[in-house]
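Written out below as structure tokens is the structure these notes cover.
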Amino acid sequence: MHRLFVPPEQIAELIQLDPAQSHHLEVVLRLGPGAELEIFDGRGARWPARIESPGVLRLGRRADPDRGAADVWLAQALAKGEKLDLVVQKATELGATRILPLAAERSVVRLDEDRAERRAARLRRIAQEAARQCGRSDVPAVDAPSTVADLAGLLREEPDRRALLLAPDERTLRLSQAARGVSRFLIAVGPEGGFTAAERAEAAAAGFASVTLGSRVLRTETAGLAALAIVQHLAGDLG
């Protein structure tokens, strides 16, 4: 069934579509009056809907919200090219609830405040579209770029969230061991050159446990997605 994102403030029994929404339904999907689709608000709610007339939807009864077993925040270091776009798209498909672009010390990409907000807005649109395509009713939050110090501040607000730092040079603990019996995570992934010693020390002081995915060497855009798949599998949501 076709799906359409409608912001919570636009939800009503009769929804007046904006030009972009109307264009998507009527021109891209070629749907006319009487066609049925699903509406989701990005916060977990969804409704069956019918096109009442051009530019107008009538909502049906609200469906039960979808809730995953694991609440996973993924802090992904900024990377070159469109790697972060791919991570946001696939992390949305894999059920991440929050995505935090990370300005690590070795990140090649550097963004000033204006560019950082534009990049974050683009990533939010990618997450919204990925949620529509994969059937999610919620859309993961996508933050503006942050630092390891910012992550430490988030953990102080949520001390029960298990913080894991992917460190391929560490052999003390496997991710699958550290993630068992836990449902709330913050997983941090470094850039191409990895986290610096200072960042690892700062993360450890904040409560991060250094973990490894094993002997395989994964690119930064692959490592976080692999970690996300592992914790979703252990939570029973995947595989």
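Counting other Cβ atoms within 10 Å as a rough exposure proxy, the listed residues SER53, SER210, SER215 run SER215, SER53, SER210 from fewest neighbours to most.
Under a 5 Å amide H cut-off, with hydrogens placed 1.01 Å from N, LEU165 pairs with ALA188, ALA209, SER210, VAL211 among residues at least 5 apart or on other chains.
The ranking of PHE5, PHE195 from fewest to most other beta carbons within 10 Å of each one's beta carbon is PHE5, PHE195. Counted over segment 40-134, the DSSP beta bridges are approximately 55% antiparallel.
In the distance distribution for the chain, Cα-Cα pairs more than 31 Å apart total 29 percent.
Potential lengthening of the chain between ARG98 and ARG125 amounts to 8.3 nm, from the contour at 0.36 nm per residue minus the alpha-carbon distance.
Report Rg(Cα)/(2.2 N^0.38 Å) for segment 3-59, keeping two decimals. Please report the intermediate quantities before stating the final value.
Values: Rg = 10.1 Å, N = 57, 2.2 N^0.38 = 10.2 Å.
With N residues counted in segment 3-59, Rg over 2.2 N^0.38 Å equals 0.99.
When the Gaussian network model of the chain links Cα atoms closer than 10 Å, the mean-square fluctuations of VAL28, VAL139, VAL109 top out at VAL28. Between LEU218 and LEU14, the simple spin-label model (points 7 angstrom out along Cα→Cβ) gives 5.1 nm.
Hey, how much of the P(r) for segment 1-124 falls beyond 26 Å, as a percent of Cα pairs?
So the portion of pairs separated by more than 26 Å is 40 percent.
When LYS80, LYS90 are arranged by Cβ crowding within 10 Å, least crowded first, meaning fewest neighbours, the order is LYS80, LYS90. Mean residue ellipticity at 222 nm, helices only, the chain: -10000 deg cm²/dmol; runs of at least 4 DSSP H residues each add -39,500 (n - 2.57), and the sum is divided by the number of residues.
The equivalent ellipsoid that matches the C-alpha gyration tensor of segment 175-239 spans semi-axes of 21, 15, 9 angstrom, in descending order.
Bear in mind that the values in this text are calculations on the coordinates, not laboratory data. The structure presented is a predicted model; accordingly, all values stated were derived computationally and were not measured. Please note: Cβ atoms are built from the backbone with ideal geometry, for glycine as well, and neighbour counts cover all protein chains shown.
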